[in-house]
Amino acid sequence: MLDLTRIVVTSPIPIHPYLSRDASVAVKIMGNGEVWGKTPFVDGDPLVGKWELESKLSSFEIDQLLTIVVVVKKKGREKEFVISTIGILDLMLQVIHEPKETYTFSTSNYSIDFTITCSITLPGYNSASAHGDIEEEDSPLPSRDDLESIYATTTALSDQNTRAKALSALGKAYRQLFSETHWKKDLETAISLSDEAVRLTSPHDPQAAERLSVLTGALEDSLKQYDNIGAIEIAIEHLQTALGTTADDENRSKLLQELSIQFHRRFVRLDTIEDLNQAISFMREALSFCPLRHEDRPHHFHVLGNVLKDRLKRSGTIKDLDESIMHLHEAVRLASDENEDKPSYLSSLGNALGNRFELLSRVTDIDDAIASQQRAVELTADGDTRKPSWLSNLGISFETRFGRFGNLQDIEKITYIYTTLGNVLRERYNRQGILADLEEAVSSQSKGVEFTLDGHSDMPSRLNNLASALKDRFKRLGHIEDLEDAISSQRKAAELAPNGHPDKAQILNNLGAFYRTRFERFKTATDADSAVFAYRQAIELLPAGDPREASWLYNLGMAILSRSDSSRLNVLEEAISLMRKAAKQIPDGHPQAATIFEGLAFSLDCRFDHFNIQVDLDEAISNYSTAIRFTLADHPSLPFRLNHLANALYLRFLKIGKDEDMEISLSHHRKAVELVPQTDPGGTKLLCDLAKTLVHNFERSDSQEDIKDVWEALSAISIATALPMGPPTLRLQAARQWATMAQSYDKGGTMTALKHAIDLLPRIAWLGLSLSDQHTLLAEFGDIVRDAVGVAILYGEYEIAIEWAEQGRSIVWQNLLGLRSPVDELRISHSGLADRLQNISRKIESPQSLNDISEETNVVPTEDVAQRSSQLAIEWENTIEEIRKIPKFASFLEAKSFSELAPVSHEGPVVVLNVQRSRCDALILTSDEIKQHMHVPLVHFTSELSESLFVDMKKLLSVAGVRARGNRKSQRVKSSTSNSEKFEKILGELWIRVVKPVIDCLGYPVNLENPPRIWWCTSGFLSFLPIHAAGLYKTGGVGDKVTDYVVSSYTPTLTAILDQHQPVIPRDFRILTVAQPKTPYASPLPNTEDEVNRIEHLAGNISLEKLTGEGATKDCVLQAMKRSHWVHLACHGQQDISDPMKSGLLLHDKMLELSELVQHSFPNSDFAFLSACQTGMGDEKVAEESAHLAAGMFLAGFRGVIATMWSINDADAPQVAEDVYRRMLEGGKPRRKEAAYALHEAVKNLRESGADYISWVPFIHFGR
């Protein structure tokens, strides 16, 4: 798009006779013989030779063949004469190269001279807005397509100088684009184009210096952003070339200074002393060419002083420091106070003097250092980005003097400076969002607290400042320790502040906000109660008429609604009363008025949800409307408040069926979606709510004419799912909603929706959360993987079904196995990329909720929120793309394809069992190259039956006493006849309905002597049922149980058993045994000692380390595990039902929890025997997650694990262990891959010895 406005054509006096009278002038845009745009003809003033064309001239396309044409027409004649032309490229180059308000072009034709002035607008180069006197929004940056089109034009230019001019302008444009997009390719293009421009430019060209400046600016960006050492090399090459052709002293001085800076930068990165010496030499020479009164001279002295100071660090020569101080003194002396760089000179001088004090202990040096740094602070305006640095330097100097002389007056100054610095940095962080500012703010506030004397009246306020900075960092990075430290500091501030303290009320209000923040994270009832208590205290301390009361009443009301008893009528009534009081107090036009009326509406909405009182819903609608009325048109909350109102109207429609409510609801939903940018993370929910309402609107009408609502709904929900910047949890909910809608209205879209859902699951359990939090979030979406796999099977997409089953299984483990290691490796070689990726993840996942009203009322405009969210999404994609360009990380964060998973069956079939509400299936992966997978519909098995069998099993185990605490039983518990019959029923159902159809499909015959291997990968409640023991034990014979055909193993994922070959036995092979016969805090297990003694006997000459009783502490066991290849743990185990990651093994001094176990890596790990209890049972809420100790051992590196599904008998364990190790250590050689066969035989022996089901069924094998 090209716009020309305020066009004026002038011709010099005396005017050409042809134009002297009756001449009208117009301007056209022409291309390929066609007129693309034209102004009307206007009559000019021949006395002054001026024609003013008020019309705007526009072209929607930019083409290198376009020309601007001036035409003249005489009155009474139709013929037009072209008297002047200007190529479009000339216009574009001027606009790109130097954006300004008006442009002037001189041209001539037919002996007539013309000057054309006009304003020109190109995308991203609004000349009119380049000047502060015109109030209009900046036009958007040009797209890459625009710039590439202009570049294509420049390649056709034959004139070298014109081409150089164009390339430099384009380089500048690409650098500007990079500053917005942060896309590395844009910066690389800027450098490439600018470099070519410089090479094409003659050294004597007046524009040579400017073009070199454009290049060095882009190179500096590359150095700062990507630490690109090559940028320094390019800059040095061009600067040395320019220096060799420059005779002018002033230009030589500038080039020499720039060369000094580049050599110094190279020294900083390569630590080559020759570069540092060269930098000093160039800077001395620069000074020699700089005129005595030249404005650059102070800066030259400053650069030379700093470079000499750096050489001191390498040489230790005090002479360098003395000379550095001399030059810095000269920089300060020559610079006037109006010189904006003088504070920098003063601060550098102060630092150098401080360095000399450290070396020589001259008191005058530290005093002078402080004086210089104080003057730097005084000369720097508030809001100047450099001021925090000056304050920091000043604080360090005061700290140094206090440390040497102990002057208490310095303590006061130190605390004041660090507190002030912390506040300035936090304020700048809130404006600009730079993480380094926030980190330094926390550090400064911490120092301010550290140096404040006990009992000082300012201690509460300084603790409050520290807590606020810590909370900001928690919100940014999600580190829970920051929130804990914030609460601790705030509580201390509240305790120290006496009732008359001017800040006590504010401190208590902030404490309430911190408690509520922690409640939003963990939903702990005590935090909600603590928030309410703190808010109440804060309000009680407020004086009558305090303007903060309304906002604080809102905060208290929201906290009350967060409490566990918020469904009680009296609690809801108190919250509503507080909100009414707040709404009554808040004046119209107050910045928080809309938020408070929204809070009142929300509280009424809550009471309606619980008690279905119609008047509450009506009043909620009224207050949502008021909140909207008080909301500015460009406020970022407006779309969300419209959405709240729309949802309330939708609820009223459902209750009373008033068509008008549905129509207005849809209108508000559509308006909300229209207002919120697609780049806003909250847009996901708005689109979902719109889709829900549209579908309901269609379903309530009998007319197919409203089918358009369905298509609009499908469009909205698909956009919501695909929004890259939307919170993953909301996007996954949208994907689920889309899949459900597509099943009814667009079956072809179902697979697409489900693919989005599966791809989002790893983003739900992102690594920034604790493992427990990851499991909690995944529990909300536990069935979506099984649903997706079921749909894929329904459509015959078996390979996709297998890929999805793998992608959606054990996500927490796969995050740690498949993502943690690459990130750790990435951090070794590309730490910046690793940190950037994790920081972006945390920011994208920031929760959207109604927050407390803070004292900071600055609102970020909607377009800024959208831009920041969009930039996050772009940064995420660009970072992933950048990582995948590294050869070692080409498939980073990509799920495995079926072809990559297929080799998992090289030692035997792997069976993926999927249990879904509408169907149950088995997918078998085989080593057959022709038929790599087989599908077995489990037509006689249902999701309801699997749950029923699971419930029966839980009851049965509970009655048997092997589920209460999961402790290894010291004596065998004999099952009753009724329990045995129930067990036989469960095992029989599993055989007939699940296992036998799989065996039949495989065509396996009975094989009691040398049965083949099979691996089970389960889902849903099947993950807690003994598939390996299925069979008809009471009525059946040989061939009626799974053990007659195969040796069973389990695997949490297919990936877990990929690429596992028989290991080479190292010379230092070692077995570790751990026994706890008398755990101080658990019942005795006397047979554990006998158990490990039997293993020691079988080990023979193999190195074995034995830890027993008091020697088996947690730390000792962990260290021994790292030295060992096989590990046998004979002790109590405990399954924590409420938090499976707290399950663990009971060692002598404390429990080794699963959450801690997975944090360790065991480099020699190969095989583990967990002779404890429930080490192979997970959490039913996240069945696919395998949240148990056996899976934890996989994560820690063990390739094979023997575990138990419930408590085992202390008397049985030694014999089972002996039978297992006898086979695994046969011939004196350890063979891990015999573990499954060995356990198969050992359990068979136990079963045939007369043991009941409770005793022999729990033993299971995982892995290879």
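No other residue among Ser891, Ser927, Ser899 is under 21 Å from Leu761 (Cβ atoms), surrounded by fewer than 19 Cβ atoms within 10 Å (Cβ to Cβ) and of a type in the set (Ser, Thr, Tyr) apart from Ser891. On inspection, Ala895 passes the criterion of being touching a helix residue (DSSP H, G or I) at 6+ places or on another chain (Cβ under 6 Å), at pLDDT below 95 and among the aliphatic types (A, V, I, L, M). Can you find even one residue in the range 263-284 that is outside any helix (DSSP H, G or I), outside the structural domain of Gln207 (by TED's automatic domain parsing), touching a residue at least 24 places away in the same chain (Cβ under 8 Å) and not charged (D, E, K, R)? No, the range 263-284 has no match at all. If you go through the range 1025-1042 and keep only what is part of a helix (DSSP H, G or I) and either touching a Lys or Arg at 6+ places or on another chain (Cβ under 7 Å) or of a type in the set (A, V, I, L, M, F, W, C) (or both), you end up with Ile1027, Ala1029, Val1042. Filter the range 519-550 down to the residues that are surrounded by fewer than 24 Cβ atoms within 10 Å (Cβ to Cβ) and of a type in the set (Ser, Thr, Tyr), then identify the one that is nearest to His479 (Cα to Cα). Step by step, filter the range 519-550, then rank; the result is Thr524. Does the range 487-505 include one or more residues that are among the β-branched types (Val, Ile, Thr), within 22 Å of Arg386 (Cβ to Cβ) and modelled with pLDDT of 90 or more? The answer is no; no qualifying residue exists.
Are any residues in the range 1198-1219 surrounded by fewer than 23 Cβ atoms within 10 Å (Cβ to Cβ) and either among the small types (Gly, Ala, Ser) or in contact with a Cys (Cβ under 6 Å, 6 or more places away or on another chain) (or both), and if so, which ones? Result: Ala1211, single match.
Yes or no, residue by residue, for (1) surrounded by fewer than 22 Cβ atoms within 10 Å (Cβ to Cβ); (2) modelled with pLDDT of 95 or more; (3) not aliphatic (A, V, I, L, M):
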residue	(1), (2), (3)
Ser324	no, no, yes
Glu330	yes, no, yes
Leu359	yes, no, no
Val363	yes, no, no
Ala376	no, no, no
Thr380	no, no, yes
Arg386	yes, no, yes
Trp390	no, no, yes
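Could you list, in sequence order, the residues of the range 1052-1096 that are among the aliphatic types (A, V, I, L, M), part of a loop (DSSP other than H, G, I, E, B) and either buried (at least 24 other Cβ atoms within 10 Å of the Cβ) or free of Cβ contacts under 8 Å to residues at least 40 places away in the same chain (or both)? Passing the criteria: Leu1054, Val1064, Leu1085. For the range 557-601, enumerate the residues that are hydrophobic (A, V, I, L, M, F, W, C) and surrounded by fewer than 16 Cβ atoms within 10 Å (Cβ to Cβ). Leu569, the sole residue that qualifies. Of the residues in the range 672-680, not one is polar (S, T, N, Q), at pLDDT 95 or above and more than 22 Å from His696 (Cβ to Cβ). Is it fair to say Asp565 is assigned to a loop (DSSP other than H, G, I, E, B) and either among the aliphatic types (A, V, I, L, M) or closer than 21 Å to Ala633 by Cα (or both)? No; evaluated as a whole, the condition is false for this residue.
Taking the criterion of being closer than 16 Å to Ser577 by Cα and buried (at least 22 other Cβ atoms within 10 Å of the Cβ), the residues of the range 618-627 that qualify are Ala620, Asn623.
With respect to the stated conditions, Leu470 fails to be hydrophobic (A, V, I, L, M, F, W, C), under 25 Å from Ser389 (Cβ atoms) and in contact (Cβ under 8 Å) with a residue 60 or more places away in the chain. For the range 740-809, the helices (runs of 4 or more DSSP H) that sit wholly inside it and include 2 or more residues that are within 17 Å of Val936 (Cα to Cα) and either in contact with a Pro (Cβ under 6 Å, 6 or more places away or on another chain) or at pLDDT 90 or above (or both) are 784-794, 798-807.
Of the strands (runs of 3 or more DSSP E) lying entirely inside the range 1097-1161, the ones with 2 or more residues being not aliphatic (A, V, I, L, M) are found at 1103-1108, 1126-1130, 1132-1134. Only one of Arg1222, Arg1231 is surrounded by fewer than 19 Cβ atoms within 10 Å (Cβ to Cβ) and modelled with pLDDT of 95 or more. Can you tell me which? Just a single option satisfies the conditions, and that option is Arg1222. Among the residues of the range 242-279, those that are hydroxyl-bearing (Ser, Thr, Tyr) and either modelled with pLDDT of 85 or more or under 13 Å from Ile229 (Cα atoms) (or both) comprise Ser253, Ser260, Thr272. Applying the set (1) out of contact with any Phe, Trp or Tyr (no Cβ under 9 Å at 6 or more places or on another chain); (2) among the small types (Gly, Ala, Ser); (3) not in a loop (DSSP other than H, G, I, E, B) to Gly599 leaves exactly one unmet item: (1).
Checking each residue in the range 281-300 for being farther than 15 Å from Ile236 by Cα and of a type in the set (A, V, I, L, M) picks out Ala286, Leu287, Leu292.
If you go through the range 344-400 and pick out every residue that is part of a helix (DSSP H, G or I), farther than 18 Å from Asp310 by Cα and among the basic types (Lys, Arg), you end up with 2.
Applying the criterion of being in contact with a Ser or Thr (Cβ under 8 Å, 6 or more places away or on another chain) and not hydrophobic (A, V, I, L, M, F, W, C) to the residues of the range 28-42, the residue that is surrounded by the fewest Cβ atoms within 10 Å (Cβ to Cβ) is Pro40. Evaluating Asp609 against the criteria (1) within 22 Å of Asp527 (Cα to Cα); (2) surrounded by fewer than 21 Cβ atoms within 10 Å (Cβ to Cβ) leaves one unmet condition, (1).
The values are calculated or read from the model by the stated rules, or taken from the named source; none is laboratory data. Predicted model only: the values in this text are computed from it and were never measured. Methodologically, a virtual Cβ is constructed for each residue, glycine included, from the backbone with ideal geometry; neighbour enumeration extends over all protein chains shown.
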